[in-house]
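The values are calculated or read from the model by the stated rules, or taken from the named source; none is laboratory data. From a predicted model like this one, the values you see are computed outputs, not experimental measurements. Neighbour counts run over all protein chains shown; Cβ positions are idealised from the backbone, glycine included. The area values use the complete protein model at the heavy-atom level, side chains included, leaving out ligands, DNA and RNA. Shrake-Rupley method; radii C 1.70, N 1.55, O 1.52, S 1.80 Å.
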Amino acid sequence: MTSRRLPLRRLPKTVWERQEPSWRGARPGLIEGALKRALARPSGNWFVLAASAQIRPGRPFGRMVADVEVVAWRSPDGTVHAAPGACPHLGAPLCRGAVRGDRLVCRWHGLSLGSEGFPGWSPFPVYDDGVLVWVRLDAAGGEEPLAKPVLPERPEAARALAAVETVAARCEPEDVVANRLDPWHGSWFHPYSFVGLRVVEAPEEGVSDSDDRFVVDVSFRVAGRLGVPVRAVFHCPEPRTVVMRIIRGEGAGSVVETHATPLGVDRQGVPRTAVVEATIATSDRPGFGVARRVAPLVRPVMRFAARRLWRDDLAYAERRHTLRSSGRWPS
Ligand code: FES
Ligand SMILES: [Fe+2]
């Protein structure tokens, strides 16, 4: 039965430096092992390109993905297309082109491009899962291609509210994944959001794929000493995705998918990675139907709540990359 009471609990009073240190549990070898296994999983060369909502009808979208310039556009019937971002005639940026019907028209000399391709210009396979758009780049990925991206299980769309946020970091995708595979930093590094984090289960070397996960009990701090206790599971379905699913407590079934898309290397030779995080919230609480109706208002709030967490987690990932690339990573 659904409780109509507010899910908020009064949290125990905590003093940051008096928490139980978590470093003994957060064994570098264990985290590294989980990361290695994640990186070895197939992606089928699929990369998250953008939020579905970012590829709007009538307007092309451009982004570098794994050093490949990609343009995407949506036809009037909703179909998404993706292709190389440079015009095959004289190289104009197609993200500045015009969408006419289901075709993309180059601004420079009017070349009209479509799914049939053009000499020197072949569209990429693309997949719109309703929340995110994925593009398959076989040359960049170098794996055996898969027909579809490896998609995490999500709550049913009709009962869920999705928000997608993207930020760029100066690191590689594995640094973003490694940060998420260290749940132990939760209440130490993010005390403003997490209280009393306890890792209930962590995967040891040799675990089966289905048991390769972390289980965490934690309270999300809402305001002051009020919070929401949940149990959450973290796992990596593919090498650039970490999924957190709430399995017990308020919002059970909700997921936060963190996708790390390599963009390319900047002028200083530093790799850049886009972190695309999709929060797909669900609840069987009666009030949640209302939240769905006010989705345009709720979305920015869901994003704002995550901003500080983001900043700190990106700093962690960038620091890991700096140490790794200068041979100072503890191993
Ligand atoms: S550069 Fe695109 S048509 Fe000439
Ligand atoms: Fe974090």
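The condition (being of a type in the set (A, V, I, L, M), at pLDDT 90 or above and either loosely packed, with under 12 Cβ neighbours inside 10 Å or within 16 Å of ligand 2 (Cβ to nearest atom) (or both)) is satisfied by just one residue among L309, L314, L297: L314.
If you take the residues of segment 57-90 that are of a type in the set (A, V, I, L, M) and open to solvent by 50 Å² or more (accessible area, probe 1.4 Å), which of them is nearest to ligand 1 (Cβ to nearest atom)? Here the answer is L90.
Of the residues in segment 52-70, how many are farther than 20 Å from D129 by Cα and free of Cβ contacts under 8 Å to residues at least 40 places away in the same chain? Summing the residues that are farther than 20 Å from D129 by Cα and free of Cβ contacts under 8 Å to residues at least 40 places away in the same chain in segment 52-70 gives 1. Criterion applied to R107, R136, R96, R103 was being buried (at least 19 other Cβ atoms within 10 Å of the Cβ) and away from ligand 2 (no atom under 16 Å from the Cβ), and the one residue passing it is R136. The set of residues in segment 142-201 that are outside any strand (DSSP E or B), small (G, A, S) and either within 15 Å of ligand 2 (Cβ to nearest atom) or buried (at least 22 other Cβ atoms within 10 Å of the Cβ) (or both) comprises A178, G186, S187, S193. When W23 is tested against (1) within 16 Å of ligand 2 (Cβ to nearest atom); (2) part of a loop (DSSP other than H, G, I, E, B); (3) in contact with a helix residue (DSSP H, G or I) (Cβ under 6 Å, 6 or more places away or on another chain), just one condition goes unmet, and that condition is (3).
Might you let me know whether segment 272-279 holds any residue that is in the same structural domain as V200 (by TED's automatic domain parsing) and either at pLDDT below 90 or in a loop (DSSP other than H, G, I, E, B) (or both)?
From segment 272-279, those in the same structural domain as V200 (by TED's automatic domain parsing) are 272-279; that's our starting set.
Cutting the leftovers down to either at pLDDT below 90 or in a loop (DSSP other than H, G, I, E, B) (or both) gives us 279.
For segment 272-279, residues in the same structural domain as V200 (by TED's automatic domain parsing) and either at pLDDT below 90 or in a loop (DSSP other than H, G, I, E, B) (or both): present.
Look at segment 254-268: where a residue is in a strand (DSSP E or B) and a partner is open to solvent by 10 Å² or more (accessible area, probe 1.4 Å) and of a type in the set (S, T, Y), sitting 6+ places away or on another chain with Cβ atoms under 6 Å, you get V256/T279.
Is there a residue in segment 66-87 that is of a type in the set (A, V, I, L, M), on the phi > 0 side of the Ramachandran plot and touching a helix residue (DSSP H, G or I) at 6+ places or on another chain (Cβ under 6 Å)? Among the residues of segment 66-87, at least one is of a type in the set (A, V, I, L, M), on the phi > 0 side of the Ramachandran plot and touching a helix residue (DSSP H, G or I) at 6+ places or on another chain (Cβ under 6 Å), which makes the answer yes. Scanning segment 230-244 for residues that are open to solvent by 20 Å² or more (accessible area, probe 1.4 Å), touching a Phe, Trp or Tyr at 6+ places or on another chain (Cβ under 8 Å) and part of a strand (DSSP E or B) yields F234, H235, M244. Given the condition under 27 Å from P42 (Cβ atoms) and within 16 Å of ligand 1 (Cβ to nearest atom), answer yes or no: does some residue in segment 112-121 qualify? Checked segment 112-121: at least one residue is under 27 Å from P42 (Cβ atoms) and within 16 Å of ligand 1 (Cβ to nearest atom). Just one of the listed residues (V218, V207) is at pLDDT 90 or above, touching a Lys or Arg at 6+ places or on another chain (Cβ under 9 Å), part of a loop (DSSP other than H, G, I, E, B) and open to solvent by 10 Å² or more (accessible area, probe 1.4 Å), and it is V207.
Scanning segment 137-186 for residues that are of a type in the set (D, E), closer than 19 Å to E69 by Cα and over 15 Å from the mean Cα position of the chain (by Cα) yields a single hit, D138. Give the residue, chosen from G110, G130, G91, that is part of a loop (DSSP other than H, G, I, E, B) and closer than 30 Å to T279 by Cβ. It is G130. Scan segment 46-74 for residues that are modelled with pLDDT under 95 and in contact with a Gly (Cβ under 9 Å, 6 or more places away or on another chain) and the total you get is 1.
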